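Reviewing the structure listed below.
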Amino acid sequence: MDKFISNYIEGFMGSVVSRNPGEKEFHQAVREVVESVAPFMMDYPHLMDQKILERIVEPERIIIFRVPWMDDRGEVQINRGFRVQCNSAIGPYKGGIRFHPSVNLSIMKFLAFEQTFKNALTTLPMGGAKGGSDFNPRGKSDAEVMRFCQSFMTELFRHIGPNTDVPAGDIGVGGREIGFLFGQYKRLRDEFSGTLTGKGIAWGGSLLRPEATGYGLCYFAEQMLATRGESFEGKKVNISGAGNVAQYAAQKAMRLGAKVQTLSDSDGFIYDPEGLTEEKMEYVFQLKNIRRGRIKEYVQKYPQAQYFPGERPWRIPCDIALPCATQNEVEVADAENIVKGGAICLAEGANMPTTPEAIKIIQGAGLLYSPGKASNAGGVATSGLEMSQNSMRTSWTAEEVDQYLRRIMSDIHAACVKYGTREDGTVNYVKGANIAGFIKVAGAMADQGLV
Ligand code: GLU
């Protein structure tokens, strides 16, 4: 890289790090984008003059609030709530809510920043935001989760709205939590609106929203594979995670003819050498979504499978790796295992699951590699479709939504190819996704003046 550009990047990152001390995930997400867009931006002096990059890394608004609630034993509990409204240049703020004990300001800011570019890539008019709490839903009763959600919304409701900010789910926030959050929002505002997405089908939700992130990931990976004349047919696929994204990625990969070998949670992973089937997936849906159990129970039901406590699935050889758990879950040793196992593709279902050093190993070995902001955008894209249906007061069939989803994933792939094709004809999806997302947001910011 040109010395001038690398100096610019280091100078820029130096100031981001000193303005946001200790926020390592935020630094990581910003660096990845800046490394992609800085060389490109040099050709657009008006973007430099207007300090678009300096503005884009400064969230428009951050709300941090106390969330008090009472547990089933009558004991008072206090958690911290967040909403990071990163960018509203191309539409109302949009992004999920995460309930997980690891949630902190750095994680919220990195997710809101990633969301800004991801949402721009979907081709739909959505700005970027993220929210959440360090509340741990594990082991909590439905009544505790409800009381927590009601308390969380009692503060959040004044900052959101169908034309302002539209939250959805993320880790620890699924249909049950969206229901409780929506109920409280509706009661406080006395208004039935599309302020949250991921709603139940009977009360404004979109068909296929639960499936959308996992399905979209497979549609995107299909397009990546097609650039090398490959497909899912007959491929061994390793998936991490066992939540919403992992479940539907597994179902779609399987339906596209792949053998899905693994699923995981934070305690360990299961390896089923015979591959998942529709029936086994039905068991996983029940286990995870209804009984809220742990993935290790899978081996009691299907004893041909093995459970590896405290490990990640990447040391089992596969052709396609789909990390669908959480940030920085694929580290250097995992990436080395993925390469050694003969994989041809790693497509991210989670947000930023691969560390920068691990990405270098994956890309260096010539694998197809896509960042989550491109390959997991199907979830938020379908949230955008839910917003459209709510505004029109209509609902589309699953086929209609699926058609939109396929088209959007293929448009995102085309944008990555347009801006990320290397001289040798291969595609750098990181560069392509970052530049394509940036162009849209930066252009809108420039048009709207100094706000
Ligand atoms: N949390 C999801 C994401 O990371 C979905 C956000 C949404 O639907 O607003 O993109």
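Remarks
- Basic side chains Lys and Arg get +1 at the Cβ, acidic Asp and Glu get -1 at the Cβ, and with that the dipole of the range 148-272 about its Cα centre reaches some 240 debye.
- Only lysines eight or more places from Lys259 in sequence, or on another chain, were considered; those with a Cα closer than 16 Å are Lys235, Lys236, Lys280.
- Using a simple spin-label model with pseudo-atoms 7 Å out from Cα toward Cβ, Lys296 and Asp424 lie 4.4 nm apart.
- The fraction of all Cα pairs in the range 262-331 landing in successive 5 Å bins from 0 to the largest distance is 3, 15, 28, 28, 18, 6, 1, given as whole percents.
- Computed about the Cα centre, the dipole magnitude for the range 373-446 is approximately 240 debye when only Lys and Arg (+1) and Asp and Glu (-1) carry charge, each at its Cβ.
- Rounded to the nearest 20 debye, the dipole size of the chain about its Cα centre is 680 debye, using +1 on the Cβ of Lys and Arg and -1 on the Cβ of Asp and Glu.
- Computed E for Ala333/Arg189 - FRET, C-beta separation, R0 56 angstrom, nearest 0.05: 0.70
- Dipole axis of the chain (+1 Lys, Arg; -1 Asp, Glu on Cβ), positive-most option in Pro39, Val103, Phe65: Phe65
- Each peptide in 341-352, 100-111 gets a packing score, the mean of other Cβ atoms within 10 Å over its residues, and the list from highest to lowest is 341-352, 100-111.
- Hydrophobic, long helices, defined as DSSP H runs whose alpha-carbon span along the helix axis is 18 Å or greater and whose mean Kyte-Doolittle value is at least -0.5, occur in the chain at 3-19, 24-41, 105-121, 142-156, 209-226, 378-392, 398-420, 429-447.
- Per-peptide average of other Cβ atoms within 10 Å, ordering 32-38, 419-425 highest first: 32-38, 419-425
- For the chain, the 222 nm mean residue ellipticity estimated from helices alone, with every DSSP H stretch of n ≥ 4 adding -39500 (n - 2.57) and the total spread over all residues, rounds to -15000 deg cm²/dmol.
- Between Asn163 and Met13, full extension at 0.36 nm per residue minus the direct alpha carbon distance yields a gain of 50.7 nm.
- Distance from the range 20-67 to the range 209-278 (C-alpha centre basis), Å: 32
- With Cα atoms as the point set, the radius of gyration and Dmax of the range 192-235 evaluate to 15.6, 48 Å.
- Cα pair distances exceeding 37 angstrom across the chain, given as percent: 21
- GluC sites (Glu not before Pro) within the range 178-236, DSSP loop, no more than 13 other Cβ atoms inside 10 Å: Glu191, Glu233
- Of the three principal axes defined by the Cα atoms of the range 315-451, the extents in descending order read 51, 39, 28 Å.
- Calculated from the alpha-carbon coordinates, the range 106-163 shows an Rg and a Dmax of 14.4, 39 Å respectively.
- Given charges at Cβ of Lys, Arg, Asp, Glu: the range 308-451 dipole, positive-most of Gly384, Pro323, Cys345: Gly384
- Ranking Met48, Cys149, Ala365 by Cα position along the charge dipole of the chain, where only Lys, Arg, Asp and Glu carry charges on their C-beta atoms, puts Cys149 farthest toward the positive end.
- Antiparallel bridge percentage (DSSP; both residues within the chain; nearest 5): 55
A short reminder: the numbers here are calculations on the coordinates, not readings from a lab. On a predicted model such as this, the values are computed, not experimentally measured, just so you know. All Cβ positions, even for glycine, are placed from backbone atoms using ideal geometry, and neighbour counts span all protein chains on display.
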